[in-house]
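No value in this document is a laboratory result; all are computed from the given coordinates. What you see is a predicted model, and the numbers here were worked out from it, not measured in a lab. Methodologically, a virtual Cβ is constructed for each residue, glycine included, from the backbone with ideal geometry; neighbour enumeration extends over all protein chains shown.
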Amino acid sequence: MSAVNDTTFSYAVFLLSGIPGLEDVHLWISIPFCFIYVISTVGNSVILFIIKTDPSLHEPMYIFLSILALTDLGYLISTMPTILGVYLFNFREIGLHACFAQQYFIAALQCTESAVLLLMAFDRFIAICNPLRYVSILTLPRIAKMGLAFVLRGVAVTFPLPFLLKRFQYCRANVLSHCYCLHQDIMKLACADITVNSIYGLTIKILTMGLDLLLIFFSYVMILKTVLSIATHAECLKALNTCVSHFCTVLLFYIPEISISVINRFVKGSSPLLPVLLSYISLMVPPLMNPLVYSIKSKNLRASIIKVFSK
């Protein structure tokens with residue numbers, strides 16, 4: 001800790017926090033977190049292995065699902081060791097540059113996951129609204145280009161965030177309100193004007209995740225319009241059933257993210273426990289539930305998993 005002037009100090013480390021008011025039971029809290037970490041890692045790894053080894057699953061929907069699984073594994077690897085370090089060993093210190101790097105990976109992975117969900121919505125839109133051209137539109141080279149473009153989008157738009165944080169002196173406090181580093185959490189500790197950071201953070205949220213959600217909503221409107229024009233009730237249900245797993249995944253990802261953004265920016269005087277719990281839901285529930293949802297709802301994927309494990 002080095003002095004900046006007579007009254008101001010710049011901290012060399014941040015201190016991570018657990019769940020406020022439950023510090024005495026952190027060790028017990030770590031037990032379900034460990035289970036979630038292991039189950040999520042195994043579940044997403046199994047999805048990747050099955051899709052890679054089964055040629056019948058080398059289709060657009062499953063390729064997008066494998067990218068989603070990779071993104072979820074990135075979430076887990078970049079955050080869960082830090083979280084478990086706090087709860088298991090009370091290891092609360094994290095260096096400034098390590099913290100900036102962690103928040104960058106979290107933000108980039110959020111943008112990437114949002115983009116993958118948009119690509120999966122596009123896949124369902126083509127499959128239902130234009131099935132005769134599905135194979136000609138979603139070719140493997142085109143899928144690769146779209147996937148690469150959206151990954152680069154997530155990397156590029158979030159790249160300035162650590163540099164916007166690095167320019168600050170941190171002198172108000174050095175205690176973060178989470179077990180891992182988030183941009184909006186770090187910038188509140190700066191002893192400077194954070195308007196640029198706040199505006200930029202909100203802008204990229206709107207132009208990436210907000211726009212993706214709008215396009216997903218539009219795709220579902222078009223899907224619903226097409227499905228309602230199908231003659232028989234059975235055909236309607238069959239078409240909609242192919243969208244259930246993706247729709248659940250969208251809800252699991254966007255509802256916590258939107259809730260956190262609204263609470264942090266617009267709700268004053270709320271319980272400090274609420275955004276912390278929502279951040280854990282946002283971080284842990286999608287990687288845990290996505291493999292389960294797709295394994296249950298996708299007959300081909302479920303059959304391949306049973307076939308592999310029965311051997």
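The table that follows gives values for the structure above.
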item	result
Sparse-neighbourhood loop sites, trypsin sites (Lys or Arg not before Pro) in segment 204-309 - DSSP loop, at most 14 other Cβ within 10 angstrom	K268
Mean separation of Cα contacts under 8 Å (6+ apart) over length of segment 33-97, as relative contact order %	34 percent
Sum of -39500 (n - 2.57) over DSSP H runs of 4+, divided by residues of the chain (222 nm, nearest 500)	-24000 deg cm²/dmol
Among the listed pairs K205/K225; K238/K307; K52/K225, those beyond 31 Å (Cα-Cα)	K52/K225
Whole-Hz ³J(HN,Hα) from phi, Karplus 6.51 cos²θ - 1.76 cosθ + 1.60, for segment 274-286, glycine and proline x	4, x, 5, 5, 5, 5, 5, 4, 4, 7, 9, 5, x
Ascending count of other beta-carbon atoms within 10 Å, so fewest first, for C248, C179	C248, C179
Where no second cysteine Cβ lies under 4.7 Å, the cysteines concerned in the chain	C34, C111, C129, C179, C236, C243, C248
